[in-house]
Amino acid sequence: MKLFTKILIANRAEIAVRIIRSAREMNIKSVAVFEAQEREALHVRMADEAFLLQGNSITETYLNSEQIIRIALKASCDAIHPGYGFLAENADFAEACAKAGIVFIGPSAQAIRAMGNKIASRELAKKAGLPMTQGITGNTKELIEKALTLKMPLLVKAAAGGGGKGMRIVRNPEDLPSILEATSREALTYFGDEGVYIEKYIENPRHIEIQILGDNQGHVIHLFERECTIQRRYQKIIEESPSASLTDSMRTRMGDAAVKIAKSIGYSSVGTIEFLVDQNMDFYFLEMNTRIQVEHPVTEMVTGIDIVKEQIRIAAGFPLSIRQDEVIQKGHAIECRVYAEDPLNNFMPSPGDILLYSPPKGKNIRVDSSLDGPEKISGNYDPMIAKLIVWGENRVAAIDASVSALENFHIQGIMNNMVFLRHILSLNDFRENKISTAFCDVMMQEISQAMHLEKRSISRDWVVIALIVKELYSKNYKKNVWNEIGYWRHMMTFNVFVDDQSLRVEILDKRKDITQCKINGIGYKVEFVGREDLAWRIRINDETVQFFASDDAKGKTVISIQSIDFYAFRQDKLLHGINFGEKEAGSFIGKIVSPMPGKVIKLNVKSGELVSKNQVLMIVEAMKMENNILAPYDGQVDDVYIVENQMVDTETELIVLSEKISD
C-alpha cells in the first residue's frame, strides 16, 4: 500500500482549502477545479494545479461528474476527494470514478445508496435495532392520506437531503399539499431527487451526532459526539464537543449504536450518525451522512485526530491509525458558522463584496475559511463565509473564548451573523445548556432587542470621529478630508451621516496627531495613536477606541467599533450616483424590486392580476434558500418584467404593482 500521489478536490471554498492543507502535509499534490468567477479564489491559488470547469450553472460545473473525471484523468490524479455537498453522496459518481480507475475518497457506492437515501437508511437502522421515530413513505397522494392518521406536527423531509435543506414542519393538515410540493421542488434542485417522506416531529429536541471512522479491514470506531442543537431553519450554526447533555452511560450507548449500524453495512471512510434526543433524554436515529461533515473540526480540536488525513489513508487502503481505546476527549471545543446573512431581516442572504476581512488570532483559535482578504461572495452557493473553532479547558472557558474571538473577527461590506452568534453564546440559557433545536426561534426576540440595544449604546460621535481620523491619516493623502473640501482652512464645517442620522461636524484645529472638533456642539480632543494591520487606534477625550474601516463602491465608509458596523458618509461628498436620502433597496410604491441577487424559480402572478397584501408574488432563490417576495399591499399587477429561471440582481425591477384604494 502507498499513499496517493495527486488528488483532485471536486469542491470549492472552505472545504477545498481544508483538504488541500491536509494533502500538503501528507506530501500529496492537489488539483483544484473552479468556475469562471473563481479564478483568484483561495483554493485555486493554494492548489498545485487548477482547471476551469466549463459551464454557467452548478449543474454544468460542480455537479458535472463527467467533466470532473475528465479533468482528473488529464491531470493524472489517482484519487478524487468530493468534500461535502455537490457530488459527495452521489453513488453514481463513486461508481464512475472506480470505472475510470480513480479512487473515490469516500465510502463505497453501495454504502452511499444504503445510507444516503433517508428512507432506505431508516429501514437499515430499524433492522439494526436502533430506536426510530414513526414515519411514512409513498407517493404524494399516499403521503397525504397516511399523514391524516398521524398526530401533528409532522416533518416533511427530502429522501436524499442533508445540510438542513429539504425539511419543513407541518402543523396544519391543510398546509401539507403545498409543503410537499415546495419540499419536493427544493429536493430536486439541491439533491437531484424529488423524493420526500414524512416522519413524526419531535418537539424541542436536541440534535446530537456521532463521528465514525471505518477502514477496509472491517474496523469501525467512533470519535465521540458533537452537540449540534443550535440551529436556524434546520441549519446548524453552533456545534460543540463534548455534549453537556449526555451522561457517560448515554454517550457509550449512542457511540455503540453508531458503530453497530456502520458495521452492519461494512462501512469504510468517515461518516456521521445523527440522532434526535427528546425531553426525556431518549434518543432516536435520524440519518447517516456518508461524507465529511462541515463541523468535523470540533471533533478534531478535542481528540487531536485529523479526520481528513484519516479519510485519505482509509481510501488508500490503510487500516485505521488509532484504536477505540486510544480516542480521548480533551477539553471543550465550539464551532460557530459565520454566514453571509442578516439575522435582523429574517436571515435574508447577503451576497456581495467583502471589503475587509480580519479573522481573530491566538492560541486555541482556528478559522477555516476560503478567504484571506476581501472577496466577492457569490449568491449561487451556500452563504457560509468561515468557521470559527475555539478550544477551552472546559465548556465555560470555550464559551468565553468564543465570545472574545467573535468580538475580534471583523468582516465588512456584507451583512453577517457574528453579532447574533455572540449574543447566543452570552445567553444564560445557552450557558446553562437549556437548549433545543427551537432555541433560536424562542430566543430571537430577546436576541434582536439585545442587538439593537448594543448598537445604540455606541456613540455615533465616535463613528464620526473614526471617519475623520481615517480620512486624515489615510495613506492616500489626495483623498483626505482636507483636499476633498477644496482648500485648507482653520475651521471647517460639514455634515456626516451615520446610518440614518445626520451629525454636524466642526473641525476647530489640528496640530500633529491632535485634532480638536465639535460634533453637534459637543467638543472632543482626538489623538491618533496608530494603526496596526487593519486596526486603527485613537484616544477620544483620553478614552482609547479601536476601529476598523473600509470604503464601499458607493462612496460610503464602513466603521466597526466594538464589533458593531456602521455606515457613514459626508454630505459634501458625492455617493457615486446615489441621491442623498434615497432608499437604496427594497420595495417602492408602484414597483417591486429584488432585495438580493438570485434566481426567480417560481412566478405566481401575471399582468392584470389582482393580488392581496402578503400574497407570494414569486420565489427568488439565493444562497441555497428560497425567499418569498410578498405583495406589500392590495393591488393589481400592471407589468411583469421577469420570467421563471431568470437571474436577477439587487434592485432589479420585478413587477409594477398599482395599489388598490379601498372604497
Q: Quick one: count up the residues across the stretch 229-260 that are closer than 19 Å to A88 by Cβ and assigned to a strand (DSSP E or B).
A: 3
Q. Does the stretch 382-396 hold any residues that are out of contact with any strand residue (DSSP E or B) (no Cβ under 7 Å at 6 or more places or on another chain) and either surrounded by 20 or more Cβ atoms within 10 Å (Cβ to Cβ) or part of a helix (DSSP H, G or I) (or both), and which are they?
A. D382, V396
Q. Is it true that E66 is part of a helix (DSSP H, G or I), within 22 Å of G271 (Cα to Cα) and of a type in the set (D, E)?
A. no
Q) When both residues are 6+ apart or on different chains and their Cβ atoms are under 6 Å apart, which pairs have a first residue that lies in the stretch 332-353 and is aromatic (F, W, Y), and a second that is assigned to a loop (DSSP other than H, G, I, E, B)? A) Y339/P383; Y339/N417
Q: Within the stretch 52-88, track down each residue that is closer than 13 Å to V31 by Cα and out of contact with any strand residue (DSSP E or B) (no Cβ under 9 Å at 6 or more places or on another chain).
A: R70, L73
Q: Could you tell me which residue of the stretch 38-83 is surrounded by the fewest Cβ atoms within 10 Å (Cβ to Cβ), considering only residues that are over 21 Å from F4 (Cα atoms) and β-branched (V, I, T)?
A: T59
Q | Criterion (closer than 29 Å to L246 by Cα and in contact with a helix residue (DSSP H, G or I) (Cβ under 8 Å, 6 or more places away or on another chain)) met by exactly one of K127, K118 | A | K127
Q. For the stretch 402-411, what are the residues that are surrounded by 22 or more Cβ atoms within 10 Å (Cβ to Cβ) and out of contact with any Pro (no Cβ under 9 Å at 6 or more places or on another chain)?
A. S402
Q. What pairs come up if the first residue lies in the stretch 84-104 and is at positive phi and not assigned by TED's automatic domain parsing to the domain that holds G161, the second is buried (at least 23 other Cβ atoms within 10 Å of the Cβ) and among the hydrophobic types (A, V, I, L, M, F, W, C), and their beta carbons are under 7 Å apart, counting only those six or more places apart or on different chains?
A. F86/A10
Q: Just need a number here: residues in the stretch 1-39 that are of a type outside the set (D, E) and part of a helix (DSSP H, G or I).
A: 13
Q: Please state which of the following conditions K606 fails to meet, knowing it meets all the rest: (1) without any contact (Cβ under 8 Å) to a residue 60 or more places away in the chain; (2) assigned to a loop (DSSP other than H, G, I, E, B); (3) surrounded by 18 or more Cβ atoms within 10 Å (Cβ to Cβ).
A: (3)
(Q) Regarding the stretch 331-339, can at least one residue be identified that is surrounded by fewer than 21 Cβ atoms within 10 Å (Cβ to Cβ) and not β-branched (V, I, T)? (A) yes
Q: Looking for whichever is under 20 Å from the mean Cα position of the chain (by Cα), modelled with pLDDT of 80 or more, in a helix (DSSP H, G or I) and over 20 Å from C228 (Cβ atoms) here; the options are E186, E174. Which one fits?
A: E186
Q) Mind checking which residues of the stretch 314-332 are outside any loop (DSSP other than H, G, I, E, B), under 22 Å from V259 (Cβ atoms) and touching a Phe, Trp or Tyr at 6+ places or on another chain (Cβ under 9 Å)? A) A315
Q) Residue check: is R232 touching a helix residue (DSSP H, G or I) at 6+ places or on another chain (Cβ under 6 Å) and either among the polar types (S, T, N, Q) or at pLDDT 85 or above (or both)? A) yes
Q: Would you please name the residue that is surrounded by the most Cβ atoms within 10 Å (Cβ to Cβ), looking only at residues in the stretch 418-475 that are of a type in the set (F, W, Y) and under 23 Å from E543 (Cβ atoms)?
A: W462
Q.
Return the pair list, or none, for Cβ contacts closer than 6 Å from residues in the stretch 358-372 that are in a strand (DSSP E or B) to residues that are surrounded by fewer than 18 Cβ atoms within 10 Å (Cβ to Cβ), at least 6 apart or on different chains.
A. S358/L534
**Q.** Residues satisfying the stated conditions in the stretch 612-628, i.e. modelled with pLDDT under 85 and either in contact with a Leu (Cβ under 7 Å, 6 or more places away or on another chain) or closer than 27 Å to F86 by Cα (or both)
**A.** N614, E621, A622, M623, K624, M625, E626, N627, N628
Q) Out of (1) at pLDDT 90 or above; (2) in contact with a strand residue (DSSP E or B) (Cβ under 6 Å, 6 or more places away or on another chain), what's the single condition that is false for V643? A) (2)
Q. Going by the structure shown, is K263 among the basic types (K, R), outside any loop (DSSP other than H, G, I, E, B), free of Cβ contacts under 8 Å to residues at least 60 places away in the same chain and surrounded by fewer than 23 Cβ atoms within 10 Å (Cβ to Cβ)?
A. yes
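The values are calculated or read from the model by the stated rules, or taken from the named source; none is laboratory data. Note that the structure is a prediction, hence the values are computed from the model and not measured. Don't worry about glycine lacking a Cβ; one is built from the backbone with ideal geometry, like all the others, and counts go over all protein chains shown.
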